[in-house]
Amino acid sequence: MLHTVAYLELRPQTLAPALKCVERWLSREGRVGALHACWYSNLGPANRIMVWRGFDGEEVLIEEQHRLARSDDPFGAADYLAGLSSDVFREIDFVGPPSHAVRGPLFEVRDYVLRPDGLARLFELWRAGLPARLALAPWVTALYSLAGATPRVLHMYPWESLTQRNAIRDGATAVNWPPRDAPMQINLQEATIYLASAVSPIQ
């Protein structure tokens, strides 16, 4: 499956009204593809909404990207937008489809821009080490970019609390996660903690 992940960067103090507009848009004009998540930032870049949708085919995805590019009110939130980006991703083959069964209430999105030759090596390392890591706690999914900054990987984690997050991350070193050479494949990284909006299927 192909995916789009859009980041809506908002003007300060506009998150609440902007979120209502985005939720309304997703329930009407935005009912294209499969909505996975509509999350808003809690820790990390402030005043951000993330909209993540999946598409079964290229034609539908491209047409939706064209529609957004031509829109004078993207996501129904033009009055509040300071910036907007929307990139295309594909599921990593050994990860499988996104899980809607996971529960937060916190969701961490880790956004890595890799070395130009780093994607295949990162996949090789993750494929070997992932089962031991997922035995500690699940993740939502991992995607790699087909547009925008490439090579780039998004991987997403559900957490009950920051205390649980820290405990799992500290304990992951005992199972060699991340794999020793994985950080060497990364040039830039960003981590953001999100909360789910009322319309988000992944809660």
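The values are calculated or read from the model by the stated rules, or taken from the named source; none is laboratory data. These numbers come from a predicted model, not from an experiment. Here the Cβ positions follow ideal geometry from the backbone for every residue, glycine too, while neighbour counts run over all protein chains shown.
Quick notes on this one:
- Within region 6-22, tally of residues that are surrounded by 18 or more Cβ atoms within 10 Å (Cβ to Cβ), assigned to a helix (DSSP H, G or I) and not aliphatic (A, V, I, L, M): 1
- Taking residues in region 147-163 that are of a type in the set (Gly, Ala, Ser), and partners anywhere that are part of a strand (DSSP E or B), the pairs with Cβ atoms closer than 8 Å and at least 6 places apart or on different chains are 147/87; 147/88; 148/85; 148/87; 148/88; 149/87; 149/113; 161/106.
- Here the condition is being touching a residue at least 40 places away in the same chain (Cβ under 8 Å), within 17 Å of residue 4 (Cα to Cα) and not in a loop (DSSP other than H, G, I, E, B); of 67, 133, 90, it holds for 90 alone.
- Qualifying residue in region 38-53 (condition: buried (at least 16 other Cβ atoms within 10 Å of the Cβ) and part of a loop (DSSP other than H, G, I, E, B)): yes
- Of the residues making up region 136-147, those that are within 15 Å of residue 87 (Cα to Cα) and surrounded by 20 or more Cβ atoms within 10 Å (Cβ to Cβ) are 142, 143, 144, 145.
- When region 182-201 is limited to residues that are farther than 19 Å from residue 53 by Cα and not in a strand (DSSP E or B), the one that is farthest from the chain's Cα centre (by Cα) turns out to be 184.
- Residue in region 148-166 that is surrounded by 13 or more Cβ atoms within 10 Å (Cβ to Cβ), closer than 15 Å to residue 50 by Cα and touching an Asp or Glu at 6+ places or on another chain (Cβ under 6 Å) present: yes
- Qualifying residue in region 99-110 (condition: free of Cβ contacts under 8 Å to residues at least 60 places away in the same chain, over 24 Å from residue 64 (Cα atoms) and of a type in the set (Lys, Arg)): no
- In the set (1) in a loop (DSSP other than H, G, I, E, B); (2) on the phi > 0 side of the Ramachandran plot; (3) crowded, with 19+ Cβ neighbours inside 10 Å; (4) not polar (S, T, N, Q), the condition left unmet by residue 75 is number (1).
- Scan region 128-167 for residues that are within 30 Å of residue 62 (Cα to Cα) and either of a type in the set (A, V, I, L, M, F, W, C) or over 18 Å from the mean Cα position of the chain (by Cα) (or both) and the total you get is 10.
- Residue check, residue 179 touching a Leu at 6+ places or on another chain (Cβ under 6 Å), more than 23 Å from residue 34 (Cβ to Cβ), in a loop (DSSP other than H, G, I, E, B) and not basic (Lys, Arg): yes
- For region 1-31, the tally of residues that are over 19 Å from residue 193 (Cα atoms) and of a type in the set (Phe, Trp, Tyr) stands at 1.
- Residue, farthest from residue 66 (Cα to Cα), within region 20-38, restricted to residues that are aliphatic (A, V, I, L, M) and at pLDDT 90 or above: 37
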